[in-house]
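In what follows, a single structure is set out as structure tokens and then discussed.
The values are calculated or read from the model by the stated rules, or taken from the named source; none is laboratory data. Predicted model only: the values in this text are computed from it and were never measured. For neighbour counting, all protein chains shown are included, and Cβ atoms are generated from backbone atoms with ideal geometry for every residue, glycine included.
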Amino acid sequence: MTVLKRLVPAVSAALLSAGVAGAAMAETTTLRIQTHYAPETPSGKLAAEYVDNIQTMSNDEIQVEMFYSSSVVKSVETFDAAATGILDCDMTGGSYQTGKNPAFQFVGDIMGGYSTPYQQLSWLYYGGGLDAAQELYNKFDMQLVGWWVYGQESLASSKPIRNAEDFKDWKFRSPPGMETKIFENLGAKPIVMDFTEIFTALESGIIDGADASGLANNVGLGLYDLVKHANYPGFHSMPSDHLACNKAKWDAMPEHHRRIMSVAMQALALQTALTFEKKNAEAAAMLKEQGVNLYAWSDEDLQKFREAAQSAWADFATTPEAKALVESHLTYLRQLGLAK
């Protein structure tokens, strides 16, 4: 017993010392991340949950300072801010960067391609998409961590949008990139403006409508408090929101931090798709009760849009990287039976 009594303090001291040493050796990653989503929207709340997950799973070795509603720089500037170290990570989407290379359109918003977020995510993880996209991101000193895809977007409009003919002379907010060309070909008048400017532009009548987000997010933004026309289900756009980080910052992170962030993005992707399946349906029912007109397009009108969109792919794919991504998508779409 005497020997045991002498050993207990010694063992306790050794364990305490090992614990202190382990804590001292723990590596810390501090990240500044910006998203264009407002914190009260479904996507904003999902982004917050992602942050909580990676902090908790890393035992707080990963610490995140999160900026919502593009509060540091404009949405379109987030990628460059991360690449140059003003921020560390960009949680907007690749389609904002089409001015750098049109290939970003085909990792940001394919338009007229996949029908569900699960198909689009399948291309990224099982169709060779991640490797192809990573080459593009790395050229701009960024690392693509993953996607979160909420499904088809719905438009908001002060005028009916019952079919393709209703797009004639329709002034609407458009993100930059291929979408402007597609809608111009359908007779619309797209106006490129930042995501954060949509509400004011609708309120003041500068635009007739907006391509902002999915139905539930549009409700969160208050768009249908201003305008009373929308389409549901959506069809024109299914953006792949991304998490992309400064490559030097990413490479300096310990492997287990990178793994936590990558796997958590896959969880966020599934959670996002499932969340919006439910929330968009709930939003549609609520909006109908509030007198908002929801238009489901006919197969013929949907086909008109798909043809206009896919014809624009070839016109927009003007670089080797863009052409390679288009071919990658077409190959996978054929495997899924979605293209000929």
| Just to be sure, is Leu325 modelled with pLDDT of 90 or more, outside the structural domain of Ser43 (by TED's automatic domain parsing), under 30 Å from Asp88 (Cα atoms) and touching a Gly at 6+ places or on another chain (Cβ under 9 Å)? | yes
| query | Any idea which of (1) more than 19 Å from Lys228 (Cα to Cα); (2) part of a loop (DSSP other than H, G, I, E, B) is the one Thr196 doesn't satisfy? | reply | (2)
| For segment 51-81, which residues satisfy the criterion of being farther than 23 Å from Thr41 by Cα and either of a type in the set (D, E, K, R) or buried (at least 17 other Cβ atoms within 10 Å of the Cβ) (or both)? | Met57, Ser58, Asp60, Glu61, Ile62, Asp80, Ala81
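Tell me, which strands (runs of 3 or more DSSP E) lie completely within segment 221-340 with 1 or more residues that are under 20 Å from the mean Cα position of the chain (by Cα)?
Per the criteria, 241-246.
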| query | Would segment 131-140 turn up any residue that is of a type in the set (Phe, Trp, Tyr), out of contact with any Ser or Thr (no Cβ under 9 Å at 6 or more places or on another chain) and outside any helix (DSSP H, G or I)? | reply | yes
| said: Residues that are modelled with pLDDT under 90 and farther than 21 Å from Leu124 by Cβ: does segment 221-231 have at least one? | reply: yes
| Do we find that Ala252 is closer than 30 Å to Glu49 by Cβ, exposed (fewer than 13 other Cβ atoms within 10 Å of the Cβ) and outside the structural domain of Ser43 (by TED's automatic domain parsing) in this structure? | no
| remark: With criteria (1) at pLDDT below 95; (2) closer than 23 Å to Ala252 by Cβ, Ala10 comes up short on (2)
| query | Do you know which of the residues in segment 285-299 that are without any contact (Cβ under 8 Å) to a residue 12 or more places away in the chain and either among the aliphatic types (A, V, I, L, M) or under 21 Å from Met238 (Cβ atoms) (or both) is surrounded by the most Cβ atoms within 10 Å (Cβ to Cβ)? | reply | Ala285
| query | Looking at segment 153-207, which of the residues that are of a type in the set (Lys, Arg) and either farther than 15 Å from Pro239 by Cβ or touching a Leu at 6+ places or on another chain (Cβ under 6 Å) (or both) is surrounded by the fewest Cβ atoms within 10 Å (Cβ to Cβ)? | reply | Lys168
| message | Which condition from (1) over 26 Å from Glu307 (Cα atoms); (2) not basic (Lys, Arg); (3) not in a loop (DSSP other than H, G, I, E, B) is the one that Phe183 breaks? | response | (1)
| remark: Checked pairs for segment 237-248, first surrounded by fewer than 23 Cβ atoms within 10 Å (Cβ to Cβ), second modelled with pLDDT of 95 or more, C-beta under 6 Å and 6 or more apart or across chains, list as Lys247/Asp141; Lys247/Met142; Lys247/Gln143
| Yes or no: Ser43 surrounded by 14 or more Cβ atoms within 10 Å (Cβ to Cβ) and at pLDDT below 95? | yes
| message | With the requirement that a residue be charged (D, E, K, R) and either under 28 Å from Thr272 (Cα atoms) or not in a loop (DSSP other than H, G, I, E, B) (or both), what does segment 143-161 give you? | response | Glu153
